[in-house]
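The values are calculated or read from the model by the stated rules, or taken from the named source; none is laboratory data. None of these values were measured; they are calculated from a predicted model. Virtual Cβ from ideal backbone geometry, glycine too; neighbours counted across all protein chains shown. Heads up: the accessible areas ignore ligands, DNA and RNA and are worked out on the full protein's heavy atoms, side chains in. Shrake-Rupley method; radii C 1.70, N 1.55, O 1.52, S 1.80 Å.
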Amino acid sequence: MKYIRRLTDAVIDRRLKAFNAIQIAGPKGCGKTRTCKERCKTCIEFQDEERREGWLQIAETAPSLFFGNEKPILFDEWQDAPKIWGAVRKDCDDHPEDTGSYYLTGSSSKKIETPHTGTGRITTVNMMTMTLWESGDSDGSVSLTEYLNNPDYNPAALSRMKLEDLFYIVCRGGWPRCLEIRDHEGKLEIAKDYYRQIYTKDISAIDGIRRDPEIARILLQSYARNTATIAKKTSIYADVQATQNVTDPTLASYVNALERLYVIRDLDAWTPQIRSKTAIRASKKHIFTDPSVAAAALGISPDYFRNDLNVFGHLFENLVLRDLLAYAEAHGAHVMHYRDDSGLEADAVYQTEDGRYALIEIKTGTNAIGQAEKGLLRLKQLIIAHNEKSSDNPAHPKVKYREPSALIIICANAPMAYTTAGGVKVVPFCCLKD
């Protein structure tokens with residue numbers, strides 16, 4: 001199958017200018033090895049059964065022998081030969097001018113403690129599952145980056161995707177393996193199997209601590225029910241404890257293992273001090289690295305959403321946030337969220353390294369666009385009002401905040417991209433790219 005260039009490639013291209021070795025981290029099956037193979041002239045695959053024993057023996061006794069091969073060299077599943085890390089690090093020290101010589105990938109289901117961090121020599125690049133733009137589900141006619149760079153950017157883009165198509169994409173996920181499968185139903189089995197592997201095997205293999213698969217399964221279900229929310233972890237724990245005799249510290253260790261497996265992650269809150277009377281909620285927003293795992297945990301198929309758009313709304317938000325995180329990784333940006341006690345919110349705050357940012361609302365239906373627009377405009381006005389009052393006391397001026405570079409509504413079934421009278425950009429999700 002022809003290689004599809006990933007957003008991660010742009011990150012690697014930047015890091016190659018400074019680092020001798022690159023470690024690609026991310027969930028199993030997201031395409032780490034394939035991306036590295038496209039760049040490497042030598043591939044040492046420690047799970048190749050025909051060569052495994054010989055390679056492991058070399059890695060244990062004289063790992064530097066590998067370095068005589070043509071570079072760049074890929075060490076796939078390097079955790080099976082943990083001395084490789086130290087050997088690569090030393091070779092980087094010995095040849096600081098040779099950037100991009102080594103690539104390391106490995107299963108996130110096995111955690112190896114190394115004696116040296118590799119700081120300054122081995123850089124880590126995080127890889128996500130495929131965005132809609134990478135998988136070909138988005139036509140890429142609207143650029144998020146252009147919205148931030150050009151206030152007059154107003155692309156003519158029509159949506160050619162039905163809501164039912166997004167039902168399917170949420171359950172299928174962004175797994176590269178799906179591109180190789182022709183059967184429509186068969187693609188859905190990838191996420192289901194991944195989910196089963198997580199709670200039956202991976203959650204214990206990550207650090208060698210035996211964990212109860214049933215507790216892990218119920219915990220994943222609770223997280224799935226609370227995806228794209230700021231539910232307190234104590235509430236999620238209580239959900240599990242309703243049927244399982246398990247303590248909070250034990251559940252916290254399960255959550256930590258799932259985070260290390262790149263199954264779940266939290267989004268930080270954007271907390272500018274722009275309001276004195278209403279508290280800004282600093283709670284983190286819970287999402288899955290890929291929403292298909294949440295759908296598998298809930299045991300639902302694409303047809304389920306026809307009668308429950310509320311659940312789809314949460315998983316759709318997770319889907320959009322996954323893509324925004326991938327775009328942020330590629331462009332050195334950050335993704336956060338905002339909510340205060342008055343109900344004013346932004347589902348996502350996409351902020352670049354130079355401080356520019358977009359306030360983003362994520363909606364399923366076009367009927368929610370009007371209310372979302374009002375909320376974004378209110379939040380922008382709140383920032384403007386804060387800045388106007390910030391210099392009231394010249395002796396102790398308050399901090400001024402940059403105004404948002406763009407206000408964006410990403411909608412599941414918007415028929416086309418357009419700009420509202422208030423200046424808010426409305427984007428069909430199936431048209432978006434980085």
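Using the 2.2 N^0.38 Å rule of thumb for compact globular proteins, work out how the chain stacks up: its C-alpha Rg over that value, please.
Ratio of Rg to 2.2 N^0.38 Å for the chain: 1.04.
Mind listing the long-range amide H neighbours of THR229? Cut-off is under 5 Å, sequence gap 5 or more, other chains count too, H placed in the peptide plane at 1.01 Å from N.
Amide H neighbours of THR229: HIS286.
Mind listing the long-range amide H neighbours of MET128? Cut-off is under 5 Å, sequence gap 5 or more, other chains count too, H placed in the peptide plane at 1.01 Å from N.
none
Could you report the accessible area of ILE274 in Å², rounded to 10, computed with a 1.4 Å probe on the protein chains as they sit in the structure?
Counting only protein heavy atoms, the figure is 10 Å².
Can you tell me the accessible area per residue over the range 59-106, all protein chains present, probe 1.4 angstrom, in square angstrom?
Heavy-atom accessible area per residue stands at 41 Å².
Of TYR418, ASN20, SER159, whose Cα points farthest to the positive end of the dipole of the chain (charges on the beta-carbon: +1 Lys, Arg; -1 Asp, Glu; origin at the Cα centre)?
With unit charges placed on the Cβ atoms, the residue in question is TYR418.
Out of residues 5 or more away from ARG281 or on other chains, whose amide H comes under 5 Å of its own, with H placed 1.01 Å from N in the peptide plane?
ARG339, ASP340, ASP341
Only helices at least 24 Å long along their axis, Cα-based, and averaging -0.5 or more on Kyte-Doolittle count here, so list those DSSP H runs from the chain.
Numbers: long enough: 309-331 (32 Å, 0.53); 369-389 (30 Å, -0.26).
Length and hydropathy pass: 309-331, 369-389.
Roughly how big is the chain's charge dipole about its Cα centre, with Cβ charges of +1 (Lys, Arg) and -1 (Asp, Glu), in debye to the nearest 20?
So the dipole magnitude of the chain works out to roughly 780 debye.
Take the cross-link list LYS233/LYS400; LYS285/LYS433; LYS285/LYS374; LYS2/LYS187; LYS162/LYS232 and give me the ones stretching past 25 Å between alpha-carbons.
Those over the limit are LYS233/LYS400; LYS162/LYS232.
Rounded to whole Å and sorted largest first, list the principal axis extents of the Cα atoms in the range 326-434.
Principal axes ranked by extent give 51, 31, 25 Å for the Cα atoms.
How large is the translational diffusion coefficient of the range 244-324 in µm² per second when you combine the Kirkwood radius over alpha carbon pairs with Stokes-Einstein at 20 °C and 1.002 mPa s? Can you show the working numbers first?
Values: Rh = 15.1 Å.
Value of D from the Cα-based Kirkwood radius: 142 µm²/s.
For the range 42-200, which whole percent of the accessible surface, found with a 1.4 angstrom probe, sits on carbon and sulfur atoms?
Ligands and nucleic acids excluded, carbon and sulfur give 46 percent.
Just how many % of Cα pairs in the range 1-150 lie over 25 Å apart, if you round to the nearest whole percent?
In whole percent, the share of Cα-Cα pairs in the range 1-150 beyond 25 Å is 31.
Once you have the Cα-Cα distance between ALA10 and ASP48, take 0.36 nm times their residue separation minus that, and quote the gain in nm to one decimal.
Extra length available between ALA10 and ASP48 comes to 10.8 nm.
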